[in-house]
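Peer 1: Structure in C-alpha cells, see below.
Nothing in this text is a laboratory measurement; each read-out follows from the coordinates by a stated rule. Here the structure is a predicted model, which means the values were calculated and not measured.
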Amino acid sequence: MKPLVGIIMGSQSDFKLMSEAAAILEQFEIPFEINVISAHRTPHEAVSYAMEAADRGLKTIIAGAGGAAHLAGVIAALTPLPIIAVPIKSSNSIDGWDSVLSMLQMPSGIPVATVALNGATNAGILAVQIIGTGDKDVQNKVIAFKEKLKNKVIAGNEDIKNTSFKFMVNSTTNSGK
C-alpha cells in the first residue's frame, strides 16, 4: 500500500500535535507517511522530499511547523501537489502569530492552504476531502462524517431545549426571516 498523504513537521516536538492529522487519516483508512523534515536544518532533505512526492504517488502534503514556519512554503514552491499548512504555537513563537502569518502570506503563485493555529485535525480532514475528489468511497465517508457532525449539533440543541429555566422560551431559529 502506497501512502497518499505525506505528513511532515519541522521538529520531533511537533509530533504530538501532528499525530491528530494522522488519527483522522487512520479513521478514514487513508494510507500516509510521517517525517520530520526541517526547511532550515535539513534543507536538502526538504527539497528532495518535495520534488519526489508526486512521483511517489502522494496526492497532498500536510506540513506543520512553528516559529518562522517556512516548511509549507518551501515544499509548495517545489511540488505540484496541494500543501496544507498547520501553524504550530511553539516554544520560540510569538504566540503562534509568526507561524500563522508565514503560512498565510505566501507570494502569488505559491498557494498554501492554511488551517487554524494548532489545527492538525482540520488539516487531516482537508486532506481526506482532497483524496475524496478522486475517490467516491472516500467522498462518501466524508459525507457520512459531516452528517454525524450535523446530528451531534441537533442532539446538543435538543439537550439544551430540555433544560428548564424559569424564563427560557423554547424557540427555533428561522433563517431568511
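Peer 1: Can you run phi through the Karplus equation (6.51, -1.76, 1.60; θ = phi - 60°) for region 50-63 and list ³J(HN,Hα) in whole Hz, with x for Gly and Pro?
Peer 2: 5, 6, 9, 4, 5, 5, 7, x, 5, 10, 7, 10, 9, 10
Peer 1: Given 37 °C and 0.692 mPa s, how large is the Stokes-Einstein diffusion coefficient of the chain in µm²/s, with Rh as the Kirkwood radius over Cα pairs?
Peer 2: Details: Rh = 17.6 Å.
Roughly 186 µm²/s, to the nearest whole number.
Peer 1: Using a Cα-Cα cut-off of under 19 Å, which lysines could be cross-linked to K161, ignoring same-chain neighbours fewer than 8 residues away?
Peer 2: Answer for K161, where 19 Å is the Cα cut-off: K150, K152, listed by chain and number.
Peer 1: Per-residue ellipticity at 222 nm for the chain, helices alone: DSSP H runs ≥ 4 residues times -39500 (n - 2.57), over residue total, nearest 500 deg cm²/dmol?
Peer 2: Here the helix-only value at 222 nm equals -14000 deg cm²/dmol.
Peer 1: From the phi of every residue in region 102-119, what ³J(HN,Hα) in whole Hz does the Karplus formula 6.51 cos²θ - 1.76 cosθ + 1.60 yield, where θ is phi - 60° and glycine or proline is x?
Peer 2: 5, 8, 6, 8, 6, x, 3, x, 10, x, 9, 7, 10, 8, 5, 3, 6, x
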